[in-house]
Structures are given as C-alpha cells and as structure tokens.
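Notes follow once the structure below has been shown.
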Amino acid sequence: MKKQAVGQSMDRVDGRLKVTGAARYFADHQPEGMLYAALVCSTISSGRITAIDAAKALRAPGVADVVSHLNAPPVPGYQVENPNPKQGLKIFHDDRIYSNGQPVAIVVANTLERAVYAASLVKVSYAKEAHETDLAASMNKAFQVAKIKDYLRGEADAWKKAPVNMEAEYNIPIEVHNPMELAGMIAHWEAPDKLTVYAKTQGVKSVQQTLKTLFQLPEDHITVHSQFVGGAFGMALRIWPMEIATILAAKKAGKPVKLVINRKEMFTLVGYRPAATQRIGIGATADGKLTGITHSAVANTSPYEDFTEAIVNMSRMMYACPNVNTRYQLVPLNLSTPVWMRGPGEATGAFALESAIDELAHKLNMDPLQLRILNHADTDPDKNLPYSSKYLKEAYDMGAAKIGWQQRRQTPRQLEEDGWLAGYGMSSGVFSASRGKATASATLRSDGSLIIRSAAADIGPGTATAMVQIAADATGIDVKKIKFLLGESEYPEAPRQGGSSTVSTVGSAVNDVCRTLQQKLGELATANIPAFKALKPADIQHEAGALVSGTSRLDYAALLQQQQLPELVVAATSQAGDERKQYAMYSFSVHFAKVHVHPATGVVRIKHIVSVADSGTVVNTKTARSQMIGGVVGGIGMALTEEALIDQRFGRYVNNNYADYHVPVNADTPPTDVLFINKKDPVINPMGAKGMGEIALIGFAAAISNAVFNATGKRVRDLPITPDKLI
Amino acid sequence: MNQFSYVRPASQQAAIDALTRDSSARFIAGGTNLLDLMKNGVLAPEKLVDINRLPLKNIVLNNNILHIGALALNSEVAAHPLVKTHHPLLSQALLAGASQQLRNMATTGGNMMQRTRCSYFYDITMPCNKRTPGSGCSAIGGMNRMHAIFGDSEQCIAVHPSDMCVALVALDATVLVAGPKGNRRIPFGDFHRLPGTTPDKDNNLGKGELITGIDIPASPFTRNVYYLKVRDRASYAFALVSVAAALDISNNTIRGVRLAMGGVAHKPWRLHEAEKALTGKAPTTENFRIAATVATQSAHPYTHNAFKVPMAQNSIVTALQKAAAV
Ligand SMILES: Cc1cc2nc3c(=O)[nH]c(=O)nc-3n(C[C@H](O)[C@H](O)[C@H](O)COP(=O)(O)OP(=O)(O)OC[C@H]3O[C@@H](n4cnc5c(N)ncnc54)[C@H](O)[C@@H]3O)c2cc1C
Ligand code: SF4
C-alpha cells in the first residue's frame, strides 16, 4: 500500500524558489517601459484640499506626472448611482479628506528615487476641520449596523443575579498587520480597455471583480497576477484606494506604473485591526455552572465605510450557558477603514471572554481549566446542532500535560524562579470551520504528470504544497509529478484566502477534480482498451496512478499514449451541501503559557508555550506547525508588544515604523510546543480537514494575561501588557 | 531624499576641511541614523563626508588607558578582549543596544552623535523645537511615554537613546576631538547637553569638529558591574529605563561606585548623589533602596511617563543587586 501523502511533513513545493529569490512577488515584475510612483498623503485628519501646487515636482528630474483629484481620469464605477451614503473612499474623486495619511496625489517618475523626491516637493493646502481619532472619547457616537442585531438567548443580563459574578472592561488598541512585504501594485493598460495588474492579494478573482465594477470592463479584459505573496494576514483581502490610484496613474501615463508603499503608509493605507472596548458580565453558581454571559463591544470604523467583524460571537457558543446576550457597535473615527487581521474579531473577543472566564474562576477559587471543562458545550448552544467533530476536552488534557499544569498554584504570586515571579495561564479559541465554493482544473499529461490549477492564493501557509498532497492521495500519482498552480485570474474560480477556509474549499475542489479525472480515464479505458471493455468506469480501481481491474493494470500515462492524447483536461466545481445545516462546524484551539514576570521592572518573559489544535485532519504537519507557530508569534505581539499609537491632536500615528511599533523578535519567542488532535472530521469535506490559520491566534493573548495574573496577582485588561502596566 | 554630493577623504584634515567649508555638510560613518533622518526629511545635507577611510578603528591599551577609535564598530568594541577584560560594563551596554545587524554598522562616534528617537522629531509635519527651533514641543502635550523625567526643559523633553553612552559616562571616559582649531578633550559628562533653551543642540561638538575616539581610564570596575535595560520587547527596542551599575566592594564595603541611567534624560544621566550615598556603605538592598530614592528625587514626569520614576528606582536597586552578586 502506498504511503498517504496527506499527513506527511512535506517540504514546501515552492520553498526552494522562495529561499533562492527565484519566486517573483508582485514588485519583482518589470513590464517594458515601467514607471515608478510615490504617494503624497494628507497631513490633516479631516477637511478639504484647497490647492495642490505640483509645479516644483513637475520640474524635478525624471518626473512624468502628478495625478490627483484635479486631473485624474474618471473611474466609471464611481459615477454609478448608489443610495448608500458609505461608499468607501473614492480615490482622487473630490477634495474631501477623511483621515490623516489619505492619498491626495500620486507622483510618477522614471526612477523610484525621483518619484519619492518629487512627492516631497508637492505642496498641498488644506482647509482643516475638526477630527476625532480617539475611540474612548467617542463612545457617545456608537451605533449599531443593521446587519448585526443584538443577540439574546434566555434571559438578558442574567449574570447580575448569579451567586458568583463579575464584570470588567477590556481594551485592545489598533494593531497593524505589518507583513514583511510592502503593499502596492503594478498596473499596465495593455490597450485602452485592457488592464493587467500585478497585485499583492489574497484573491485574484476578487481583485478582478472589483476592477470589473470600477472600470466597467469585460471580465476577460482584466488580468490579475499574484503568484507569490510575502505575508498578508488579512490586509490583502480587498483592493485599496492606493491601488486604484496606481491604475489611474498608469492610464494617464500610458505606461505601466509600479507603486510600492512604504512602511509608514502600511499604517494608513491597507487596514488594521480596529481598536475595541468590550464589557463582559459573567456569572455562575457557587459550584461553577455558568448562568449568564453578557458581552458588548464597540470598535472603530472609518467615516466612509462600516467595517464589521464577529467580536462577540464566541460568547454565544463557546460554553454551555443558558443565558447570553451580546451587542456590537461601531464608532466612526477619522481613520482609514479597518480590515480583518488574523483571527479577526474573534481574536479580539476571545481576549475578553477568556480573560473573564479566568477572572470568574479566580472568584470561584476554581482551576480555570476545570471551569472550562465543567461548562463544556456538548452541542452548539447557539445553533442547537451537534458538532461535526469536537475534541476540545482531549485538547485541554494534552495541553495541560505538556505544560505541566499541575505545577500551577491556584493562588496568584506563589511561584518564584531565579528572582522572577512565575505563573501559568491558559485559554481556548474557536473559529467557524467553513467550506466555500471553488473550481479546479486538472491537466493530465501523457508523461504521467498532473497539473492542477485554481485561482487560489498562498499568503504563506503552504497552499500549493497541501494541494499537491491532496491530489497525490486522490490520484495515486507521486507528489513529485504533481504541480498546483495558483494566483492567476485566468484560472478556475476560487475564493479569497481568508477565514481559514482554503484547504477545506480549494482542497475539496482538488479532490473532486481528481475524481472527475479518474472517471474520465475510466470512460476512456472502457471505451477503448480491450481489458476494460466489459467494465463500467465506476468499477475500475485506481492505484498509484494506474487503472486496475483484476490482473489488468494500465498506467494513466500509458492510456493517454495509447490513445495518442498529449493531455487530458477536466474541471470540477465543489461546494458544501446540506450537511452544513445539520452540523455545527468549528475548529478549536487551546493555549497554555508559562510566564516569568520581573517583580521590580515589570518585564514579562514567556518561558514556554503549548498550543493544541483541533482542526481535523492535518494535511501537512510541517506547514501546519509553522502556521501555528506564526499564530503564537502574532499572539505574543497582541499580548505583549503591539499597539499603533496615535497623537489624537493631529490624528497621526507616532510609531509607524518597525523600530517603534513592536512586533515580537526571536528573543520574545519561547520554546513552543504545537500539538495536533489530528482526527478526521467525518462531515466537513473529503479530507476531513478543518481550518487552522485563525485558531492559532484566537484566545492566545488571554493565555498570556491569565498567566501574568497567576504570576503577579495583577490583572491587565488593556493590551498590550507592557512593563509599565506591571510596575 | 534630496540630491547630495559625496566625498570620501583620506585624511582627518581633509575631512574636517570638507565639513568646515560647507555649512550643510555632514559626516557619515555607519549611516544607521543619518540615512533615516535624511529619508524622513529631517536633514537634507548637500554634502556627505564619508569618514570610513580614516584610520580611527583601533582599540588599544596605553598606560592603562583604553583608547577606542571613533570608527570602531559597536559590535567590535563589544566583543573586544580588552574591553571585556577592563570595562565589561561597556561591553554589556553595547550588546543591549539595537540589533546585531545595526551594531555591525554603527560606530563609536556615530553612536554618541545619534539623535533622539522622539517620534515628533522624525515626522516633519508636526512641531518640534529640536528640529525646528521655536515651532513648539509636540511631546509635552502629546505622546510622552518614552520621554525624560530628569533635566527636561519647557522647550524639549526628549531623551538621548544611546546605551553605550550610559556606560561611558559611568566609566568617566573622555571624548577626543579634532577640529579646525586643533584637538581638544571633553569629559564624557560634559559632551552631551541638557535641552534648556537650545534643544537643537544635542552636544558641545563645534562646527567642523570630528570625534576621533574616546579614552577610558583604568578603574576597579572590572567585575561587579551590570547593565540593566528595561524595554518593551526582549531585544531591538530602546530603553524605557536603563541603569549602568559598577561596584568596587571589599570587606563588605562599597569602596567605589558608578551609577548612570539611560532613557531618562536628554543626556546619559550620571547619578552622583546616589553614588555618594552608597560610598562606604555595605552593599545591601536597603542601602541600594536609599540610593534609588536619592537618585530620583528630582524626577519630573509627564502624562505618560510617570511609571519611569518607580521603574527607575526598582531598576537601580536591581542593577546594584546584580552587580554586587557577580
Ligand atoms: C532601529 C534602530 C534601533 C536602535 N536601537 C538602539 C538601541 O537600542 N540602543 C542604542 O544605543 N542605539 C540604538 N540605535 C542607534 C544606533 O546605535 C545608532 O544609529 C548608531 O550608533 C549610529 O552610528 P553610525 O555610525 O551609524 O552613525 P551615522 O548614522 O553614520 O551618523 C550619525 C551622526 O553622527 C555623526 N558622526 C558620525 N561619526 C562621527 C564622528 N566621528 N565625529 C563627528 N560626528 C560623527 C554624523 O554626522 C551623524 O550626524 C538604533 C538604531 C536603529 C536604526
Ligand atoms: S521632546 Fe524635543 S524632540 Fe520631542 S517634540 Fe519636543 S522638542 Fe521635539
């Protein structure tokens, strides 16, 4: 029996390309005659542009153009009648400024240096208006969006009547994705009605659709290339105004134009995790049975778009609790629009919920792990459905054993090691295990190799590698003979890479296209090959890339050769069925942390982390482990270091660089054990794989703050936990 | 970045001449600070005078005085056997600074001359007296978590960001300078300035003057030393507060002590009063606490940096404990 490819620790199929520099990211492309662009961005936070003096910039060496609302070509999609007052930022459409850092002009020159220098020469005059960038100061402007209503199960605010209860406020600041690769675009009008772009995106098809609407071009006149992405975490899930600016500049220049924004601009142009203030009230019986949870959240959005996410949803379904009510509101601030950032709203909400559970356990004088187990939801209390699979209790056990949870003291500030206070903390995370719709094509060549194509993205998790493994098991063809191609809009439709759904969605399409291919090969064999003539295609066995019936065996390659077919091409579309109405499908994670806190300086050092994932079948243990570790590092940032600081008087970020906006460095990252339940989900998709990207981060920050509390007796409810908060 | 010319003189005199002739010219050594300032539009020199060809890289011991050339790299100095043997405090301080990559570029002279990391200084759209005298200090009413608690003025509350300089002021180093008017020596404690009414001036180096090196006198502080740096992440972050502590202990008595702090003032902040309070005393936590209280008496915190006062006190105690325990 051939060894299964799924479940192996296989190297990335594109690893060599990446480490040798052969992988071409969007900015590595160089269409003939390309010009370079730099942005001029607003230095006020609200108001109007009264004048743009580009004379000096236009006289600077190598400058081709300065494009702004004064001279930009029209965007046909902007003119469309739209009754919605919040239509997004229409770049270079009028003189209105909504936020600091909003692009007001794009300068095009024949070198990057010249473009950047000329951008510094553009003089913009403004009429300033009052702005607001402070969430805490704007709570009175909170409003509810129509699509997210208040939620009530049982009785509202039941926690207030509980024998043991507590209420607290939790705050999380703006966090910025800050992937290594900067954002931008290369835009090339190959003809007045034909546009090609090299993008940094999590979905080439979604970019194509947006451009189709905005520029009102036929779909096949828009080509989007994005084969490699250097990290995105959600910031490339949509197209941004600065990308439209690049397309407009290219249109006006009549030449390809490249824009790569700088690190500062990464704070204002490509979204961020919004700031949020949350309140949780939680109550239980004296022996720890939850009786009520009330969770409300207020997060910021921009003046021109309502960005929403699922901050309060975990409170509805994580624990068996009869009474739950939630509320979610937005506050518009003079900032650009937020966007999903890994774990997205769920990670924000999990910090509050999983901290509150810990606080309640402390009040009950109960082990927080025991409290969680006691209130484990055996069926989904929100949807009232059984789980497709749930091994959360096993995950708790595995994690507790690995970290040495029995060494934790129930009373805080009891452990000391080498002059540091030591503490243990834990938390759990949950994220919907989804499955969307995707199409894949399979091209079997007469040399026996297989190429599968789908317009998916790979922002780092190792998508192509996982797809090759899935195809190898579905066809029996060796992984070395299979290629998975992605990141081209001309490929069959696939959704964006987001919400931990790519393996489930695109993997299912890959599985199904392989089955379609085998069916087709069976038809070919039964019609033409004497040994198979008596059979129906469905009766033929497939083994290691060959058709088999009794003692007859025919390699796929041999079949194609015999039929003088250079290749055989099939396609299949795959999506979930009614099972999604019958089951609740979630991935779960459990995080354990041991921390040291210096009693004199307030410095926190994480000593050991154990993260356990209940995410169904693990397709590739190597890339999955990397995925989880990446989540841990992001989680350390959320817990201890990351905070985008704004000077409210100016509405400007003051730490918009890698030196001052602290992402964790290696020295912050302790030994990390990643454990997998690795049990197939029998329902969700043919592989039995649930998502993993988000749960790696969801809940993590609470494990750290809970451990810090256990070490010090100090509860930090405002992230990040910097030394000043513990001094 | 503006267009500029670039020269790489072979002699010290030529370098000084090049700088003296051209009012906007700047020396460039490792470039790790200067280039950032140019990219941010804070500085726009029309000429860069690259001093890397000058023979100022040596680290030698002469008559018990350790000489470190101005172009010796932070990484070389930190790892040098003479430094580790005679002045381990300096080695510790250097290794607490920046990252290995930066230390491989950064020079001794450049480190002394690095500008503050005050965010407003780097963002030319916001007022800053240090960058544009008279425009106002944005930090005083703004984000001042990283700012000074000692020696600040109504004009500027920025801190000097160097770790190396904290050790050097503790070790009573001397700055060697060559200039149009000849050579001079500046005691390290007099090199950097307080902001006063001229926050644009970080130090007392004159126009056209070149730092050629530093001298560190022999001292008994070769063993009981500790550089403690408290920061927001484990590496590659500027100090919230740092303490250089050096003790000379015999018979359970402190014969000599040096204490200095970083991240708290416009210059590396020597704690003379606290040193006095400790001299002749036993190296006990109680005495360290008394010294820490003395050291922070004149503290003057702002909206976001009040935590630095207890953090400074605790850090002084911790650094002294560590130094004593070695
Ligand atoms: C991200 C980041 C993090 C950092 N973290 C830390 C930290 O934690 N601790 C710390 O101490 N430092 C830190 N640094 C600062 C670093 O130490 C300095 O940038 C470096 O020491 C400057 O040295 P250089 O040779 O590169 O100077 P350059 O950038 O070349 O020059 C800086 C200035 O000094 C002048 N100059 C240079 N040499 C001489 C000379 N011989 N005589 C007269 N003038 C001269 C130049 O004209 C210029 O004005 C950090 C820097 C960065 C960018
Ligand atoms: S503290 Fe100094 S450097 Fe910072 S804004 Fe004020 S004047 Fe400028």
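So the values come out like this:
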read-out	value
Within-15-Å neighbourhood charge of A:LEU392 [Cβ basis; K, R +1; D, E -1]	-2
J(HN,Hα) series, the stretch B:112-119, from Karplus relation 6.51 cos²θ - 1.76 cosθ + 1.60, nearest Hz, glycine and proline x	5, 8, 4, 7, 4, 9, 3, 4
Which of A:VAL479, A:TYR78, A:PRO173, positive extreme of dipole for chain A (C-beta unit charges)	A:VAL479
Estimated inter-spin distance, A:LYS402 and A:LEU17, nm [label 7 Å along Cα→Cβ]	3.2 nm
DSSP beta bridges in the stretch A:146-285 [antiparallel fraction, %, rounded to 5]	85 percent
Heavy-atom accessible area, 1.4 Å probe, ligands and nucleic acids excluded: residues of the stretch A:109-151 down by at least 10 Å² from chain alone	A:VAL116, A:TYR117
Separation of alpha-carbon centers, the stretch A:262-292 and the stretch A:173-249, rounded to whole Å	30 Å
Net charge of Cβ neighbours under 14 Å - reference A:GLY343; Lys, Arg +1; Asp, Glu -1	-4
CD proxy at 222 nm, helix term only [per DSSP H run n ≥ 4: -39500 (n - 2.57); per residue of chain B; nearest 500]	-7500 deg cm²/dmol
Rounded, prolate or oblate (a/c below 1.5 giving rounded, otherwise prolate when a/b exceeds b/c) for the stretch B:109-260 by Cα gyration tensor	oblate
Relative counts (whole %) of C-alpha pair distances in the stretch A:27-122, using bins that are 10 Å wide	16, 40, 32, 11, 1
Fraction of beta bridges assigned by DSSP in the stretch A:242-333 that are antiparallel (%, nearest 5)	50 percent
Net dipole in debye of the stretch A:1-79 [+1 Lys, Arg Cβ; -1 Asp, Glu Cβ; about Cα centre; nearest 20]	400 debye
Modelled FRET efficiency - R0 35 Å, A:ALA286 with A:GLU394, Cβ distances, 0.05 increments	0.75
Furthest towards positive pole of dipole, A:MET317, B:GLY206, A:GLN563, structure part the protein assembly as shown, Cβ charges	B:GLY206
Nonlocal amide H pairs with A:ASP380, under 5 Å, H built at 1.01 Å	A:LEU385, A:TYR387
Accessible surface of chain A, 1.4 Å probe, proportion on carbon and sulfur as whole %	50 percent
Dipole magnitude (debye, nearest 20) for chain A, charges at Cβ of Lys, Arg, Asp, Glu	220 debye
Positions from the stretch A:642-690 whose accessible area shrinks by 40 Å² or more when the full protein complex is built, not the chain alone, probe 1.4 Å	A:ARG649, A:PHE650, A:ARG652, A:VAL654, A:ALA659, A:HIS662, A:VAL665
Förster-model FRET efficiency, 51 Å R0, A:ARG24 and B:VAL60, C-beta, rounded to 0.05	0.50
Rg ratio (alpha-carbon, reference 2.2 N^0.38 Å) - the stretch B:107-172	1.19
The stretch B:1-91, accessible area per residue, ligands and nucleic acids excluded (1.4 Å, Å²)	47 Å²
Angle between chain B longest axis and helix B:285-295 axis [Cα atoms, degrees, rounded to 10]	40 degrees
Distance from the stretch A:435-449 to the stretch A:315-339 (C-alpha centre basis), Å	40 Å
Scaled radius of gyration (Cα, divided by 2.2 N^0.38 Å) that the stretch B:79-138 gives	1.57
Förster radius 30 Å - calculated FRET efficiency between A:LYS480 and A:LYS536, Cβ distance, rounded to 0.05	0.40
Estimated vicinal HN-Hα couplings, Hz - the stretch A:594-606 in sequence order (Karplus 6.51, -1.76, 1.60; Gly, Pro = x)	10, 10, 10, 10, 6, x, 8, 9, x, 6, 9, 10, 7
Relative contact order [Cα under 8 Å, 6+ residues apart], the stretch A:644-727, whole percent	10 percent
Chain A: calculated mean residue ellipticity at 222 nm from DSSP helix runs of at least 4, using -39500 (n - 2.57)	-7500 deg cm²/dmol
Computed magnitude of the charge dipole of chain B (debye, nearest 20; Cβ of K, R +1, Cβ of D, E -1)	260 debye
Against the rule of thumb 2.2 N^0.38 Å, how large the Cα Rg of the protein assembly as shown comes out	1.02
Fluctuation leader among B:HIS160, B:HIS266, B:HIS300 - chain B, Gaussian network, Cα springs under 10 angstrom	B:HIS300
Label-point gap, in nm, between B:ALA10 and A:GLU417 - each point 7 angstrom along Cα→Cβ	6.0 nm
Rounded accessible area of A:ASP94 (nearest 10 Å², 1.4 Å probe)	70 Å²
Accessible area buried between chains A and B, both sides summed, probe 1.4 Å, in Å² to nearest 100	2500 Å²
Interchain or long-range residues, amide H under 5 Å from A:VAL312's placed H	none
Length-normalised contact order for the stretch A:540-634 - Cα pairs under 8 Å, 6+ apart - percent	15 percent
Whether the stretch A:107-204 is rounded, prolate or oblate, judged on the alpha carbon gyration tensor where a/c under 1.5 counts as rounded	prolate
The stretch B:32-143 - percent of accessible surface contributed by carbon and sulfur, probe 1.4 Å	56 percent
Mean separation of Cα contacts under 8 Å, 6 or more apart, over the residue count of chain A: relative contact order %	17 percent
Spin-label model distance (nm) - A:ASN365 vs A:THR669, 7 Å beyond Cα toward Cβ	4.2 nm
Residues of the stretch A:592-611 buried by at least 40 Å² on assembly (accessible area, 1.4 Å probe, chain alone as reference)	A:ALA600, A:THR601
Shape of the stretch A:634-690, Cα gyration tensor, a/c cut at 1.5	oblate
For chain A: accessible area per residue (Å², 1.4 Å)	37 Å²
Value in Å of the Kirkwood radius, where chain B supplies the Cα pairs that are averaged	20.1 Å
Separation of alpha-carbon centers, the stretch B:259-299 and the stretch B:162-231, rounded to whole Å	19 Å
Restricting the stretch A:416-467 to trypsin sites (Lys or Arg not before Pro) in coil, as DSSP defines it, with at most 16 other Cβ within 10 Å	A:LYS437
Of A:LYS194/A:LYS252; A:LYS141/A:LYS264; A:LYS581/A:LYS690; A:LYS393/A:LYS679, those spanning more than 22 Å from alpha-carbon to alpha-carbon	A:LYS141/A:LYS264
Listed residue (A:THR291, A:MET366, A:MET467) projecting farthest to the positive dipole end of chain A, Cβ model	A:MET467
Net charge, A:ASP53 excluded, C-beta distance under 14 Å - Lys, Arg +1, Asp, Glu -1	+3
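The values are calculated or read from the model by the stated rules, or taken from the named source; none is laboratory data. Computed from a predicted model, the values in this text were never measured in an experiment. As a convention, Cβ positions derive from the backbone with ideal geometry for all residues, glycine included, and neighbour counts pool all protein chains shown. Accessible surface is based on the protein model in full, side chains and every heavy atom, while ligands, DNA and RNA are left aside. Shrake-Rupley method; radii C 1.70, N 1.55, O 1.52, S 1.80 Å.
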